[in-house]
Amino acid sequence: MAPKILIIRFSSIGDIVLTSPVLRCLKKQLPESEIHFLTKKKHEDLLRANPYIDQLFLLQSNLTELMQQLQQENYDYIVDLHHNLRSQFIRRNLRKKTYSLHKLNIEKWLLITLKMNLMPKIHIVDRMMNTVAPLGIKNDGQGLDYFIPEEEDYPLSHLPEEFRQGYVALVLAGSFYTKRFPAEKHLEVIAKTQVPFVLLGGKNELELAQKIEEQTSGRVLNLCHQLSLNQSASLVKKARLVISNDTGLMHIAAAFQQKILSIWGGTIPDLGMTPYQPHPQSRIFKVNGLNCQPCSKIGKAYCPKQHFRCMLAQDTTEMAQWVKQNF
């Protein structure tokens, strides 16, 4: 009998994208299986075009009503890739065989608080794949997936003519201040190159984007807070290069095998969330020798040391050189 499997991951954008190899491998290696996915309503657009999901359940505010729907499904297995209090509540109520992601919270705490690095040298995607290994699932080595609904494709013809022959997608988004490259540093990179840049981000990046736009002429197109997430993903897919903070669109860029320049500040690659199997020309930029990194596993609203060297000391000359070599 074909198994019915519920996968749980509530947030955030990048973490949900990172679950995509699990979905693909489950569906392809258990071809008769029925794969359901549970996430928050606000993340529906990330998953609604994924062909490996048979049914999508969305958490809004009424957890009791959602539980009633899930109980009617009679799952064979639950794959908990979030492993928080809410997912544990769902697992307890469904009372089915569960495989849960080991989140390494103690190791992360030791790294952030005591700067004692006991983190395994394994990407979170590979740890997720290990979670479903008891079901006989193996990593197919095909990297991440991301599926853009056809109606949200962003045609290059909608861009100004000078951008249609190639541009750098500059992802300004970042959930917290310590994950965002400052405007003055972006301006240094732009000034040292002679290529078009498209600024991508949401409402929270409007001020940052305007600072950059005001001090550049012609070569920068500000589309922050003007596009859906999938339209932004479409522009990431069609870019020649992607420059990004540690954020969701960075992982979407990796799904498209893009050349990515990823910039790391308050969070660091050792936390296991770097771009997964991106283009081999991709580069990670991090300031070495700072004894205050990482200051958080998800970022902070301010620099705890008030110097922000993890971003302000980044080498923009080397970044610009990477852009010129790869554009």
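Under the condition of being acidic (Asp, Glu) and either touching a residue at least 60 places away in the same chain (Cβ under 8 Å) or outside any loop (DSSP other than H, G, I, E, B) (or both), which residue from the stretch 34-67 is nearest to Lys96 (Cα to Cα)?
Among them, the one singled out is Glu34.
In the stretch 123-149, what residues are touching a residue at least 60 places away in the same chain (Cβ under 8 Å) and assigned to a helix (DSSP H, G or I)?
Hits for the stretch 123-149 are Ile124, Val125, Arg127, Met128, Met129, Thr131, Leu135.
Can you report the number of residues in the stretch 204-236 which are open to solvent by 20 Å² or more (accessible area, probe 1.4 Å) and either of a type in the set (D, E, K, R) or on the phi > 0 side of the Ramachandran plot (or both)?
Total meeting the criteria: 7.
Listed here are the residues, each with its yes/no results for (1) more than 13 Å from Ile5 (Cα to Cα); (2) touching a strand residue (DSSP E or B) at 6+ places or on another chain (Cβ under 9 Å); (3) of a type in the set (Gly, Ala, Ser).
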site: Glu34; (1), (2), (3): no, yes, no
site: Phe37; (1), (2), (3): no, yes, no
site: Arg48; (1), (2), (3): yes, yes, no
site: Asp54; (1), (2), (3): no, yes, no
site: Ser61; (1), (2), (3): yes, no, yes
site: Glu65; (1), (2), (3): yes, no, no
site: Gln71; (1), (2), (3): no, no, no
site: His82; (1), (2), (3): yes, yes, no
site: Gln88; (1), (2), (3): yes, yes, no
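I need the full set of residues from the stretch 167-188 which are open to solvent by 10 Å² or more (accessible area, probe 1.4 Å) and assigned to a loop (DSSP other than H, G, I, E, B), in order please.
Ala173, Ser175, Phe176, Arg180, Pro182
When the stretch 278-327 is examined, which residues are found to be in contact with a helix residue (DSSP H, G or I) (Cβ under 9 Å, 6 or more places away or on another chain), hydrophobic (A, V, I, L, M, F, W, C) and either open to solvent by 70 Å² or more (accessible area, probe 1.4 Å) or farther than 27 Å from Leu110 by Cα (or both)?
Residues satisfying the conditions are Ile284, Ile298, Ala301, Leu312, Met319, Ala320, Val323.
Is it the case that the stretch 259-269 has a residue that's without any contact (Cβ under 8 Å) to a residue 24 or more places away in the chain and surrounded by fewer than 21 Cβ atoms within 10 Å (Cβ to Cβ)?
Checked the stretch 259-269: at least one residue is without any contact (Cβ under 8 Å) to a residue 24 or more places away in the chain and surrounded by fewer than 21 Cβ atoms within 10 Å (Cβ to Cβ).
Among the residues of the stretch 189-203, write down those that are surrounded by fewer than 16 Cβ atoms within 10 Å (Cβ to Cβ) and part of a helix (DSSP H, G or I).
The answer is Ala191, Lys203.
The values are calculated or read from the model by the stated rules, or taken from the named source; none is laboratory data. Quick caveat, the model's predicted, so the values are computed rather than measured. Quick reminder, even Gly has a Cβ in these numbers, built from the backbone with ideal geometry, and neighbours come from all protein chains shown. Note: areas computed on protein heavy atoms with side chains; ligands, DNA, RNA excluded. Shrake-Rupley method; radii C 1.70, N 1.55, O 1.52, S 1.80 Å.
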